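A short worksheet on the structure shown next.
The values are calculated or read from the model by the stated rules, or taken from the named source; none is laboratory data. Since the structure is predicted, the reported quantities are computational estimates derived from the model, not experimental observations. No Cβ is skipped: glycine too gets one built from the backbone with ideal geometry, and neighbour counts run over all protein chains shown.
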Amino acid sequence: MTNLSGVGPLFDATGQVERLSRDNYRFLQRYVLDGSGIVIDSEKDYLFEARLMPLVRRENLRSLNDLCALIKATAATPIRQEILEAMTTNETLFFRDMAPFEALRNSILPELKAKCGPAKRLRLWSAAASSGQEAYSLAMLLLEGGFQNWNLQIAGTDIAESILERARTGRYSQLEVNRGLPVHYLIKYFTRHGLEWQLKDEIRRMVRFERLDLRRATAGPGPFDIVFCRNVLIYFDPTTKRQILAAIQSVLAPGGYLSLGAAETIINLNETLEKCVFGKATLYRNPE
C-alpha cells in the first residue's frame, strides 16, 4: 500500500522513486469520479498504482505523474477511456453468491411464470455484466426452469466496452468455468476449444451486451421483470446511489425484483421498493 505522506511511492524504469503528487492524486480522483462515478478515497489510493501502472509502462512513461500530464494535454484519445476502464472493478464469476439465483429458481421465477400467463414474456437486466458470467448464468437458469419457448430477453450492460467485447465472445478459461459453474451446466451448455470453453449459441443469443453508464441512462427495452445490479452501488456516493436506484426502478416492472450485492442496501436511499427475503437472499420488489 502506498504512503499518503507522499502520496507514493512509485518506481520508474530506472528504479528511481517518483511519488504521485498530491495535485495529481486529486486530479485522478476527480477524473475517475467524473468519468465513471466511482469514488476513490484516501484508503484506496493503491488502486491507482495497481491498475494504471501497466498503462504507464505501455506508453513508455516514467510515472503516474507523466500519465496525468498526458491526459491533461489530450482532449480525446483512447487512453482516456482506457484509464476509466482500468479503474473499473471487473471481478465476477458464474452464479456468484448462489443465494439470489436460488431465490429466482425456487420462488421468483415460478411466481413470474404464473403471473405472465399466455404472454410468456420475460425481460432481465444484468446491470454490471463485466465479462458476462452473470448474464449467462441467468440465461442458463431460465432454460433449466422450463422457459425454452418463452419470449426471453436479457440485457447485459457495463461501462467498459473492452470487457463487453469479451463477454460477447462467450469464451472462458478453465479457471473461470471452475468458479461457480455447476459441472452439468458446463457439459450441457459449453463446448471445449483447446484450453478454453465456448458457450453454445443458444445461450449467447439470449443476451444482448451494450455499453452503459448507470448514472446517465437505463437499459432498454424494458420494463424488466428482474434486475441484477450487484456489487455496484458500493463504489458510488449516496447521491449517485439514489439516482441509480431511481433510474432502475423507473424501468422495473410492477411486481418486478431487484437484486443487490450482499453488502448493499436501499436504506436511506429508496423508500418505495419493498424488501423481500427468500432464504439467505434479500431482494427488492417494485410495488404493483
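Give me the strands (runs of 3 or more DSSP E) completely within the range 167-211, filtered to those with at least 2 residues that are in contact (Cβ under 8 Å) with a residue 12 or more places away in the chain and basic (Lys, Arg), ordered by residue number.
Values: elements: 171-173, 190-193, 196-199, 207-211.
Qualifying strands (runs of 3 or more DSSP E): 207-211.
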For this session: Count, please, the residues in the range 59-78 that happen to be hydrophobic (A, V, I, L, M, F, W, C), exposed (fewer than 15 other Cβ atoms within 10 Å of the Cβ) and assigned to a helix (DSSP H, G or I).
Result: 2
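Residue under question is Arg179, and the condition is that it be in the same structural domain as Val227 (by TED's automatic domain parsing), closer than 18 Å to Phe209 by Cα and out of contact with any Lys or Arg (no Cβ under 8 Å at 6 or more places or on another chain); does it hold?
On the way: in the same structural domain as Val227 (by TED's automatic domain parsing): yes; closer than 18 Å to Phe209 by Cα: no; out of contact with any Lys or Arg (no Cβ under 8 Å at 6 or more places or on another chain): yes.
Here the answer is no, as Arg179 does not meet what is asked.
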Seminar exercise, completed: Among residues of the range 174-196 being among the hydroxyl-bearing types (Ser, Thr, Tyr) and more than 12 Å from Phe94 (Cα to Cα), the residue farthest from the chain's Cα centre (by Cα) is Thr191
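Just checking, which of Asp213, Asp237, Asp225 is under 21 Å from the mean Cα position of the chain (by Cα) and more than 23 Å from Ala160 (Cβ to Cβ)?
Checking each option against the conditions leaves just Asp225.
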For this session: Filter the range 172-185 down to residues that are buried (at least 19 other Cβ atoms within 10 Å of the Cβ) and of a type outside the set (Ser, Thr, Tyr), then give me how many there are.
Result: 2
Problem set entry | From the options Ala219, Ala247, residue that is under 19 Å from the mean Cα position of the chain (by Cα), free of Cβ contacts under 8 Å to residues at least 40 places away in the same chain and closer than 19 Å to Ala127 by Cβ | Ala247
Exercise. Name the residues in the range 249-288 that are closer than 11 Å to Asp225 by Cα and β-branched (Val, Ile, Thr), would you?
Worked result: Val251
Seminar exercise, completed: Given (1) surrounded by 15 or more Cβ atoms within 10 Å (Cβ to Cβ); (2) basic (Lys, Arg); (3) modelled with pLDDT of 85 or more, Arg51 misses just (3)
Exercise. Counting only residues that are in a loop (DSSP other than H, G, I, E, B), of a type in the set (A, V, I, L, M) and more than 20 Å from Leu84 (Cα to Cα), how many does the range 212-243 have?
Worked result: 1
Seminar exercise, completed: Of (1) under 14 Å from the mean Cα position of the chain (by Cα); (2) assigned by TED's automatic domain parsing to the domain that holds Val56, Gln81 fails just (1)
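Name the single residue, out of those in the range 249-281 being β-branched (Val, Ile, Thr) and in a loop (DSSP other than H, G, I, E, B), that is nearest to Phe95 (Cα to Cα).
Going through the qualifying residues, I end up with Thr265.
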For this session: Specify the residue that is farthest from the chain's Cα centre (by Cα); the eligible residues are those in the range 126-166 that are in contact (Cβ under 8 Å) with a residue 40 or more places away in the chain and part of a strand (DSSP E or B).
Result: Leu152
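Would you mind finding the one in Ser250, Ser259 that is of a type in the set (Gly, Ala, Ser) and either buried (at least 19 other Cβ atoms within 10 Å of the Cβ) or within 25 Å of Ala99 (Cα to Cα) (or both)?
Values: Ser250 fails: either buried (at least 19 other Cβ atoms within 10 Å of the Cβ) or within 25 Å of Ala99 (Cα to Cα) (or both).
Answer to the selection: Ser259.
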Exercise. Based on what the data block shows, is Arg211 surrounded by fewer than 17 Cβ atoms within 10 Å (Cβ to Cβ) and closer than 30 Å to Thr239 by Cα?
Worked result: yes
For this session: Would you check which residues across the range 145-202 are closer than 21 Å to Ala127 by Cβ and acidic (Asp, Glu) and list them?
Result: Asp158, Glu161, Glu165, Glu176
